[in-house]
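Asker: To start, I am sharing the structure in question, which I have written as structure tokens.
The values are calculated or read from the model by the stated rules, or taken from the named source; none is laboratory data. This one's a predicted model, so the numbers in the text were calculated from it and none came from an experiment. Cβ coordinates were reconstructed from backbone atoms using ideal geometry, including for glycine residues, and neighbour counts include every protein chain displayed. For the accessible areas, the whole protein counts, side chains as well, though only heavy atoms, and no ligand, DNA or RNA atoms are used. Shrake-Rupley method; radii C 1.70, N 1.55, O 1.52, S 1.80 Å.
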Amino acid sequence: MAKTVTPGAITMLLSNPSPDSASEIAEIIVQVVDLKPIGSSTTRFTFMASDGKMKIKAMLPTHLSSEVNSGKLQNLGLIRILDYTCNAIPNQPDKALIVTKCEVVSPALDYEIKSEAEETATLLKPKEESVPKSAAQIVHEQRIKILTLYNLINSVAPAARLSMTRRVHPLCSLNPYQGNWTIKVRVTSKGNLRTYKNAKGDGQVFNVELTDEDGTQIQATMFNEAAKKFYPKFELGKVYYISKGTLRLANRQFKTVQNDYEMNLNENSIVEEAQGEGAFIPETKYNFVKIDQLGSYVNGREVIDVIGVVQNVSPTVSVRRKSNNEAIPKRDITIADDSNMTVVVSLWNDLATTIGQELLELVDRAPVVAIKALKVGDFQGVSLSTLSKSTVQINPDLPETKALRSWYDSKGKDVTMAPIASTLSSISPKTGQRSMYSDRVYLSHITNDQTLGQEKACPVFFSIKAYVSLIKPDQAMWYRACKACNKKVTEAVGSGYWCEACQKNDDQCSLRYIMVMKVSDSSGEAWVSVFNEHAEKIIGCSADELYSIKSEEGEEKFQLKLKEATWIPHLFRVSVSLSEYMNERRQRITVRAQAPIDCSAEMRYMLEEISKISIS
């Protein structure tokens, strides 16, 4: 293996700044000098490419970050450039080298190559005898070549013509300083066309996620006229050539793909469908999260993908939006995976009425669904909800689908599944998830700080170990709920109960807990709000059963049942927020998850706390 650079490599690169294909590129080996990350990034690196005589500023693609992080590609090492492009730097005479494909030739040398490398022997082909041609013959041959090329280009479709006349750039090579580029990508996610209001007036926006043949993804956003122009143009799953767009640094708060940049397309951008080339671009790319790992994503900004076997599908209900009272269709489905846990996924809008209806018809066959871009919330402990850009595939052709189907058919269908929310206490704190043991505090830590939950108007979460010390028997402990959607119902005119959410009358309703309890630990006490699922575990019966005890067995038996539920220790996951009542801001503590005491886990936690004291 030659441990030297190619003489005049930088001159060769600059003389052909944008080669039409990788086959055109000669043997180019350069030395990596001053290799360093861009800002605080761990995926993007810059360096000076040197041939011993000249240097040029260069950038590595993100997919080569693993080579740098593993130590295979090092400073002062040698690389062979297999594909590249040279871009002009705004307001500067110099150019930047964007390496799109390369391979490591040598690890770090002991020195930087300073002198010009020795010229290597060149094998010359024997000179062929040439037949002299007249000027007329030369002109005639050139005209034939030009006409043949012209006819060939004009005989193909516009998208194919674009691919023949312009070089396609991989997504990893794009940056905000690049001018002309064309990409070939598949639409792997398409959001809804949304309206918004700001100081400048009303507007429209939508975005798509694009994937190229290397599997690199980027999010593209279109506003107003561009949104109207391209919304009907982009179709999920199709492949397009795109040019005349711009790039900027991605907003970490809203980005949904692993890319430092995001794309913006305006009304002058060019989007053309690539006919018959879909096989070269990968389908939707998933990053599945197991159901038992969802705890660490609760109320986070990151969206996730899941795959699971459908266990239950609820009827569609209508939920009214607070902002404009608009009725939005919603349907809940319950899915399970081979972690033997289940989670509820709320499908909204078209997904509830189309895919949701299809799942309702297939639920007896336990179909597998893959869902991309879900928000993880804390309703009933852990819940998932679709967004405008979410996609749902039924029985997709994926390795994960086959593995999940095999597991379910062999043993999964006979296993008793547990909701993820009921198992939060068993999640190991070493994984960094929000468990009953990861951020345990005393009640006084919460009650003594009345500013908790004030920052950004978001609740904060804690875990506590406490006893239920008092349940007031004279409080309103339950409400009448619709059996279909669990929303509050009112007595209908004549008979039955009216559900505003379902817009229907029903002869019967159910009771669901909504109560407050006083909990105590060694540092103090506090009132907490408790809802149905957790109250049932604490009291030991449903709200309907407790109502029957009160109405049929009398007040004494009713109060005895409440007393039996007190002075039993529990582990609670609580949220703390600020609410306003009678113009006074008050602290509101709500139970989000509940679990009984696991003595062995509790002992391990106490030993860890003791070891921390010993070390300090």
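Asker: I need the fraction of alpha carbon pairs in the stretch 486-616 separated by more than 24 Å, rounded to a whole percent.
Answerer: Of all Cα-Cα pairs in the stretch 486-616, 52 percent lie more than 24 Å apart.
Asker: Another question, if that's okay. I want the local charge near N192. Using Cβ-Cβ distances under 10 Å, sum +1 for each Lys or Arg and -1 for each Asp or Glu among the other residues.
Answerer: +2
Asker: Any chance you could run the full-extension gain for N448 through K472? It's 0.36 nm times the residue separation minus the Cα-Cα distance, nm to one decimal.
Answerer: Length difference between fully extended and current span is 6.2 nm.
Asker: Let me ask another. Ordering M54, M263 from largest to smallest accessible area (1.4 angstrom probe), what's the sequence?
Answerer: Largest to smallest exposure gives the sequence M54, M263.
Asker: On to the next question. Show which lysines lie in cross-link reach of K483 when reach means a straight Cα distance below 19 angstrom and same-chain residues fewer than eight apart are skipped.
Answerer: Straight-line reach from K483, under 19 Å: K330, K504.
Asker: Could you work out the equivalent-ellipsoid semi-axes for the stretch 319-423, taking the square root of 5 times each eigenvalue of the Cα gyration tensor, largest first, in whole Å?
Answerer: 26, 17, 12
Asker: Taking every pair of distinct Cα atoms and averaging 1/r, then inverting, what Kirkwood hydrodynamic radius in Å comes out for the stretch 1-50?
Answerer: 12.8 Å
Asker: With every protein chain kept in the model, how would you rank F234, F462 by accessible area, 1.4 Å probe, largest at the top?
Answerer: Result, largest first: F462, F234.
Asker: Under 15 Å Cα-Cα from K238, which aspartates and glutamates qualify once same-chain neighbours fewer than 8 residues away are excluded?
Answerer: Straight-line reach from K238, under 15 Å: E209, D212, E213, E272, E273, E277, E283.
Asker: Mean projection of the alpha-carbon convex hull of the stretch 177-238 over all orientations, in nm²?
Answerer: Mean orientational projected area (the stretch 177-238, Cα hull): 5.4 nm².
Asker: List the residues whose amide H sits under 5 Å from the amide H of L82, counting only those 5 or more places along or on another chain, with H placed 1.01 Å from N in the peptide plane.
Answerer: For L82, the qualifying residues are K101, C102, E103.
Asker: Using a 1.4 angstrom probe on the protein heavy atoms only, line up E564, E608 by accessible area, largest first.
Answerer: So, going from the largest accessible area down, we get E564, E608.
Asker: Oh, and also: Using the beta-carbon distance between A484 and N69 and R0 = 41 Å, what value does 1/(1 + (r/R0)^6) give for FRET efficiency, to the nearest 0.05?
Answerer: Working: r = 52 Å, r/R0 = 1.28.
Working from the Cβ atoms, E equals 0.20.
Asker: OK, next. Roughly what would the spin-label model give for V415 and E556, points 7 Å off Cα along C-beta, in nm?
Answerer: 5.0 nm
Asker: Tell me, what is the 1.4 Å probe accessible area of R440, in Å² to the nearest 10?
Answerer: 50 Å²
Asker: A follow-up question, please. T46 accessible area, nearest 10 Å², 1.4 Å probe?
Answerer: Approximately 20 Å² of T46 is accessible to the 1.4 Å probe.
Asker: While we're on this one: How far, in nm, would the chain grow between L82 and S600 when pulled straight, counting 0.36 nm per residue and subtracting the alpha carbon separation?
Answerer: Roughly 180.7 nm would be gained on extension.
Asker: Here is the link list: K488/K557; K290/K372; K190/K285. Which ones come out longer than 22 Å on Cα distance?
Answerer: Numbers: K488/K557 27 Å; K290/K372 13 Å; K190/K285 13 Å.
Correct reply: K488/K557.
Asker: Let me ask something additional. Report the Cα centroid-to-centroid distance between the stretch 1-76 and the stretch 173-192 in angstrom, as an integer.
Answerer: Each part reduced to its Cα centre gives a spacing of 23 Å.
Asker: Here's a follow-up. Quick check: residue separation of K612 and S41 times 0.36 nm, minus the Cα distance between them. What number comes out in nm? Please list the in-between numbers first.
Answerer: On the way: separation 571, 0.36 × 571 = 205.56 nm, distance 3.33 nm.
Length difference between fully extended and current span is 202.2 nm.
Asker: Which three extents, in whole angstrom, do the alpha-carbon atoms of the stretch 359-402 cover along their principal axes, largest first?
Answerer: 29, 22, 19
Asker: Here's something else I'd like to know. Quote the Stokes-Einstein diffusion coefficient, in whole µm² s⁻¹, for the stretch 25-105, based on the Kirkwood radius over alpha carbon pairs, a temperature of 37 °C and a viscosity of 0.692 mPa s.
Answerer: Translational diffusion coefficient: 256 µm²/s.
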